[in-house]
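Colleague: Sending over a structure as structure tokens; questions will come in a sec.
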Amino acid sequence: MFCLKQRTVKKEIEIKGIGLHSGESVRLRLIPAGAYEGINFVRNGTVIPARIEYATGFDFSTTLSKDGVEVRTVEHLMAALYFTGIDNVYIEIDASEVPILDGSAIEFIRQLKRAGIHTLDEEKVYAVLNKEISVRDGDKFIVGRPDSSFSATYHARYNNRVIGDRKYTFYALKENFENVAMARTYCFLEEVELLQKMGLAKGGSLENAVVFEGDTVLNPEGLRFEDEPVKHKVLDLIGDLYLLGYPVVGSVYSFKGGHRLNASFVRKLIGENAFELKTASEVEGLAVKRLVA
Ligand code: ZN
């Protein structure tokens, strides 16, 4: 979200749940941090910055690790921090995986809002894209372009009627983030056995994921939106992009991308110097100025 000043949480927040893949019970504590401290996970005394340099796993979720200590499935929490404009926070975690909660980011956002968001004195810093950058893997690709605001588009193409060929764009200016934040993770029943053989999805259930069997939704409550899966892919993209360490100003378009391609894209932005860091007031002519004016 666009805001002028850096933000953290007003007070400690505790969130409990289970890991989607590990099935373990987990307790998170979100602890206020100062300006420029960034977002950091803390597990067993090891501080793991939530930055792409520490991203080491991309199979069905994004994993961060440092010195042999791992935290997985960070992307929905990262998206929730992005949506609430939080740049600085310590996230203490007592297990290897961020809780899945309802499979979306909305519960994190509710808890963050309930506890309160604290505005710091220092200006927020944005990563303003300054050239076109793309990454490709077979027919999948992500392209980022300079723009006056942030938008993230996901284009899905499945041989499945419920998802099919669909696109969704999140526009930071329109602040339609609840649509994205509420979209739950999903999988196909055919995949569940394979995931479980891989030691994944041990905590998965109809309470924290949408499960499709062919064209049928197995969850009794159905979908939250007709295009919930593609909105969830936008959520994942936004969460992974935030591993750049700064909110992006630019448009990002993903065709069939996933966590691995998202991470390649963020790495390429850094490797190709494709952005400039600008404080909110330096960001000339951009939406942030118009909103603040
Ligand atoms: Zn996800």
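The values are calculated or read from the model by the stated rules, or taken from the named source; none is laboratory data. Please read all numbers here as calculations on a predicted model, not as lab measurements. Note that each Cβ is placed from the backbone with ideal geometry, even for glycine, and that neighbours are counted across all protein chains shown. Heads up: the accessible areas ignore ligands, DNA and RNA and are worked out on the full protein's heavy atoms, side chains in. Shrake-Rupley method; radii C 1.70, N 1.55, O 1.52, S 1.80 Å.
Colleague: Working out 0.36 nm times the residue gap between Arg157 and Glu276, then minus their Cα-Cα distance, what length gain in nm do you get to one decimal? Write down the numbers at each step before the final one.
Modeller: Values: separation 119, 0.36 × 119 = 42.84 nm, distance 3.29 nm.
Full-extension gain reported as 39.5 nm.
Colleague: If you don't mind, another one. What aspartates and glutamates sit close enough to Lys131 to cross-link, taking a C-alpha to C-alpha distance under 17 Å and skipping anything fewer than 8 places away on the same chain?
Modeller: Of all the aspartates and glutamates, those that pass the test against Lys131 - Cα under 17 Å, at least 8 places apart if same chain - are Asp147, Glu272, Glu276, Glu284.
Colleague: R0 = 22 Å: FRET efficiency of Val42 with Arg267, Cβ-based, nearest 0.05?
Modeller: Working: r = 24 Å, r/R0 = 1.10.
Efficiency at R0 = 22 Å is approximately 0.35.
Colleague: On to the next question. Restricting to DSSP loop positions (anything but H, G, I, E, B) with no more than 14 other Cβ atoms inside 10 Å of their own Cβ, which chymotrypsin sites (Phe, Trp or Tyr not before Pro) remain in region 23-64?
Modeller: Details: sites: Tyr36, Phe41, Tyr54, Phe58, Phe60; in loops: Tyr36, Phe58, Phe60.
Counting only loop positions with at most 14 other Cβ atoms within 10 Å, the chymotrypsin sites (Phe, Trp or Tyr not before Pro) in region 23-64 are Tyr36.
Colleague: While we're on this one: Return the single residue from Pro247, Pro220, Pro146 with maximal mean-square fluctuation; model: Gaussian network over the chain, springs between Cα atoms under 10 Å.
Modeller: Result for the chain, Cα springs under 10 Å: Pro220 fluctuates most.
Colleague: Obtain the nm distance between the two label points defined at Asp67 and Arg145 by a simple spin-label model: each point lies 7 Å from its Cα along the Cα-to-C-beta direction.
Modeller: Distance between label points: 4.5 nm.
Colleague: Based only on the alpha carbon positions, what is the Kirkwood hydrodynamic radius of the chain, in angstrom? Don't jump to the answer; show the numbers that get you there.
Modeller: Details: mean 1/r = 0.0523 Å⁻¹.
Evaluated on the chain, it is 19.1 Å.
Colleague: Going out from 0 in 10 Å bins, what whole percent of all Cα-Cα distances in region 1-120 drops into each bin?
Modeller: 15, 50, 32, 4
Colleague: Remind me, relative contact order of region 126-292 in percent, using alpha carbon pairs under 8 angstrom and six or more residues apart? Working shown, then result.
Modeller: On the way: 291 pairs, mean separation 65.5, N = 167.
Taking the mean separation of contacting Cα pairs over the length of region 126-292, I get 39 percent.
Colleague: How much length, in nm to one decimal, is gained on full extension between Asp59 and Ser134, taken as 0.36 nm per residue of separation minus their Cα-Cα distance?
Modeller: Values: separation 75, 0.36 × 75 = 27.00 nm, distance 2.11 nm.
Result for the pair: 24.9 nm of gain on full extension.
Colleague: Per DSSP H run of at least 4 residues, take -39500 (n - 2.57); add these up for the chain, divide by its residues and hand me the 222 nm value, nearest 500 deg cm²/dmol.
Modeller: Details: 7 runs with 66 residues, N = 293.
Mean residue ellipticity, 222 nm, calculated: -6500 deg cm²/dmol.
Colleague: Quick one: which of Lys10/Lys202; Lys11/Lys202; Lys16/Lys113; Lys11/Lys233 span more than 25 angstrom between C-alpha atoms?
Modeller: Working: Lys10/Lys202 34 Å; Lys11/Lys202 32 Å; Lys16/Lys113 16 Å; Lys11/Lys233 31 Å.
Distance filter (> 25 Å) returns Lys10/Lys202; Lys11/Lys202; Lys11/Lys233.
Colleague: Per the 1.4 Å probe, what fraction of the accessible area of region 5-123, in percent, lies on carbon and sulfur atoms?
Modeller: Carbon and sulfur together cover 43 percent of it.
Colleague: Per q in 0.08, 0.09, 0.17, 0.20 Å⁻¹, report the Debye log10 I(q)/I(0) for region 126-292, using one uniform scatterer on each alpha carbon and no solvent.
Modeller: -0.27, -0.34, -1.04, -1.29
Colleague: Stretch Arg27-Lys5 to full length: gain in nm at 0.36 nm per residue minus the Cα-Cα span?
Modeller: Working: separation 22, 0.36 × 22 = 7.92 nm, distance 2.90 nm.
Separation in residues times 0.36 nm, less the Cα-Cα distance, equals 5.0 nm.
Colleague: Right, something else. Where both partners of a DSSP beta bridge lie in region 126-292, what percent of those bridges are antiparallel, to the nearest 5?
Modeller: Numbers: 23 of 34 bridges.
Restricted to region 126-292, the bridges split so that about 70 percent are antiparallel.
Colleague: Let me ask something else about it. When the Cα atoms of region 145-235 are enclosed in a convex hull and the volume is divided per residue, what value in Å³ results? Don't skip to the answer; put the middle values down first.
Modeller: Details: hull volume 10.4 nm³, N = 91.
In region 145-235, the Cα hull volume divided by residue count equals 114 Å³.
Colleague: Okay, next question. Mind putting a number on the dipole of the chain about its Cα centre? Charges go on the C-beta only, +1 for Lys and Arg and -1 for Asp and Glu, and I need it in Debye to the nearest 20.
Modeller: Details: 37 positive and 41 negative charges, 99 e Å.
I would put it at about 480 debye.
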